[in-house]
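Since the structure comes first, as structure tokens, the remarks are kept for the end.
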Amino acid sequence: MAFPRIATFARLADGGVAPKRSIAGQATLLNRGMHDITYDAVHDEIFIANPFAQAVLVFRGGAEGDEAPIRVIQGPKTQMAHPDYAVAVDPVHNELFVVEKEYILVYPRDAHGDTAPIRVIRGPDTGVNRTQGLVVDPIRNLLVAGNGSKLLIFNRTDNGNVKPRAIIAGPHTGISGTSNLRIYPPKGWIISRFRGGDEQGGDEEGGGREGGGVAVWSVNDNGDVPPLWALTNPEGSMGGSRIALNPKGKELIVGGGTEVKVYSFPEIF
């Protein structure tokens, strides 16, 4: 890929097919340093963090071509320093969560411009020190942060130097690559990468690309808990470290590098 873009494919696309549409161009403010995309299906909006601009970009769900964001959160009041990874949207309580490696910022979902956060989770008791992945469960009012090989679970409304209500971590979890988490609120499942076989850990980009797989925990888990389900590819690589869910089709989508693989995973839906 010679330029940054967001490409949209048909759900049943297979092989070397062209995207149905793409968001790309100077007006989009996209760059190649962005690592995650969040889609708000309730409001039909796409959220993506831009670390070089210290900003969060928001596009229409149907955006196409060299189309500018409909909102940009940026400026000194935002306290964003390097929002390199996850943005989580809570469409129920209309909140937006942005992860920095050492703290978590919370804004109104429709924030625009130089907007100060309404809450900040930060301090030594939080355990947030190398966080990249972030998801929110609006049904149970929980926030899950991926911190290295740990899953930190907070109350959604936590603020300041608060301890997590639960921590999923330990050798039996096999957790790896928490830079890209997903959550399925109707069941309370947390979906993440995990190590497999003789694999030893992973990098901050997602680890376990060639081995391991995708595993599922409950938001009610705590401690050194093995996953409830683990999905691996007996033919080799899972296909990357980026995860998406398609509840309607009961599918798990895994992407990374130059490919996207789709797996049937009805058990979690």
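The values are calculated or read from the model by the stated rules, or taken from the named source; none is laboratory data. Note that the coordinates shown come from a computational prediction; the quantities given were computed from them, not determined experimentally. Cβ atoms come from the backbone with ideal geometry, glycine included; neighbour counts cover every protein chain shown. The protein model used for the area step is the full one, side chains on, heavy atoms only, and it has no ligands, DNA or RNA in it. Shrake-Rupley method; radii C 1.70, N 1.55, O 1.52, S 1.80 Å.
The figures follow:
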quantity: Residue satisfying condition, being touching a helix residue (DSSP H, G or I) at 6+ places or on another chain (Cβ under 9 Å) and open to solvent by less than 20 Å² (accessible area, probe 1.4 Å), within set Val98, Val106, Val87; calculated: Val98
quantity: Residue in segment 56-77 that is closer than 27 Å to Asn220 by Cα and either without any contact (Cβ under 8 Å) to a residue 60 or more places away in the chain or among the basic types (Lys, Arg) (or both) present; calculated: no
quantity: Looking only at segment 232-251, and only at residues there that are more than 19 Å from Gly146 (Cα to Cα) and touching a strand residue (DSSP E or B) at 6+ places or on another chain (Cβ under 8 Å), the one that is surrounded by the most Cβ atoms within 10 Å (Cβ to Cβ); calculated: Met238
quantity: Residue that is farthest from Asn50 (Cα to Cα), among those in segment 7-28 that are touching a residue at least 40 places away in the same chain (Cβ under 8 Å) and outside any loop (DSSP other than H, G, I, E, B); calculated: Arg21
quantity: Residues of segment 167-198 that turn out to be crowded, with 19+ Cβ neighbours inside 10 Å, part of a strand (DSSP E or B) and over 15 Å from the mean Cα position of the chain (by Cα), as a count; calculated: 3
quantity: Any hit, segment 151-165, residues being modelled with pLDDT of 95 or more, in contact with a Phe, Trp or Tyr (Cβ under 8 Å, 6 or more places away or on another chain) and not aliphatic (A, V, I, L, M); calculated: yes
quantity: Residue list for segment 29-50, filter: open to solvent by 70 Å² or more (accessible area, probe 1.4 Å), assigned to a loop (DSSP other than H, G, I, E, B) and either of a type in the set (Phe, Trp, Tyr) or closer than 18 Å to Ile183 by Cβ (or both); calculated: Ile37, Ala41, Val42
quantity: Among (1) farther than 15 Å from Phe47 by Cβ; (2) surrounded by fewer than 16 Cβ atoms within 10 Å (Cβ to Cβ) - the single one Arg122 does not satisfy; calculated: (2)
quantity: Candidate set from segment 206-222 (those that are assigned to a loop (DSSP other than H, G, I, E, B) and at pLDDT 90 or above); member that is least open to solvent (accessible area, probe 1.4 Å); calculated: Val219
